[in-house]
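Where a number appears in this text, it was derived from the coordinates with a stated rule and is not lab data. Just so we're clear, the structure is a prediction, and the values are computed from it rather than from any experiment. With ideal geometry, Cβ positions are generated from the backbone for all residues, glycine too; neighbour counts draw on all protein chains shown.
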Amino acid sequence: MICYEHPLNERIRALLRLEDLFQKIEFFSAKDSAIEHHSSLIALFEVLEITSRADIKSDLLQELERQKQILEMLRRNPGVSEVILDNILSNIKITFREMLDISGKVGEHLRENEWLMTIKQRVGIPGGVCEFDLPSYHYWLNLDPALRRRNFDEWLAPLQPIRNAFDIVLYLLRKSGKTFQFVAEQGVFQQTGSEYLAHMLRLKVDNDVPCIPEISANKYALNIRFIPSQTSQKIKVYEEDVAFEITFCNL
């Protein structure tokens with residue numbers, strides 16, 4: 001089945017974007033080619049953009065503290081594994097301390113790197129990082145791949161506490177919530193009621209069904225319509241019934 005995650009507030013949206021970007025950085029920086037390392041650097045610049053728009057550090061610290069208090073109250077619950085609970089709480093405490101040690105704004109060490117900022121400025125220009133525009137960047141892309149990977153390790157190390165923090169928050173979010181089985185009749189599903197309030201929806205559809213969900217949700221209603229996956233067709237509702245699974249995730 002294909003899982004579609006749909007955030008229902010700006011904070012979760014930012015965390016999911018950061019998760020996606022860090023996965024790309026990790027994947028491409030582990031490779032050897034200059035093109036793959038360029039892709040990793042582009043993703044790193046996008047991380048910088050997201051962390052500069054909002055106070056990610058403060059939001060994550062508050063959420064970690066809140067989750068720690070919630071989890072501590074579960075200690076006497078016989079249905080909760082003490083080993084798993086202790087492991088999560090330990091990770092939260094370690095990550096919280098590491099987050100407090102971050103000085104200044106997240107990614108400040110990257111913004112202070114004039115060479116990186118020069119590349120970042122040129123990235124926004126179509127074809128702006130050609131070798132004749134940035135010969136120093138062209139030189140770096142021709143260095144030994146192991147050296148470039150060491151550079152990535154240096155740039156990413158101060159960001160690791162942020163990644164650990166949102167990994168914990170998203171893990172707890174995905175493990176929470178209630179799962180339901182529904183059918184969208186003729187490709188359309190609507191539901192109202194406060195019991196469907198959530199921070200994120202996880203919708204699963206059989207990958208043999210040739211359609212994708214278009215989700216609209218607020219505190220009053222949830223609307224899902226399935227549209228054909230073929231890009232050549234004009235957008236219209238999928239005309240057959242679609243069985244799907246949906247989890248309403250809450251922190």
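Observations on the model:
- Considering Glu26, Glu36, the condition of being over 22 Å from Tyr171 (Cβ atoms) and surrounded by 13 or more Cβ atoms within 10 Å (Cβ to Cβ) is satisfied by Glu36 alone.
- Hits in segment 140-176 - residues which are out of contact with any Leu (no Cβ under 9 Å at 6 or more places or on another chain) and under 21 Å from Asn250 (Cα atoms): Asn164, Asp167, Tyr171, Arg174, Lys175
- From the options Arg202, Arg225, Arg163, residue that is within 30 Å of Lys105 (Cα to Cα), outside any loop (DSSP other than H, G, I, E, B) and not hydroxyl-bearing (Ser, Thr, Tyr): Arg163
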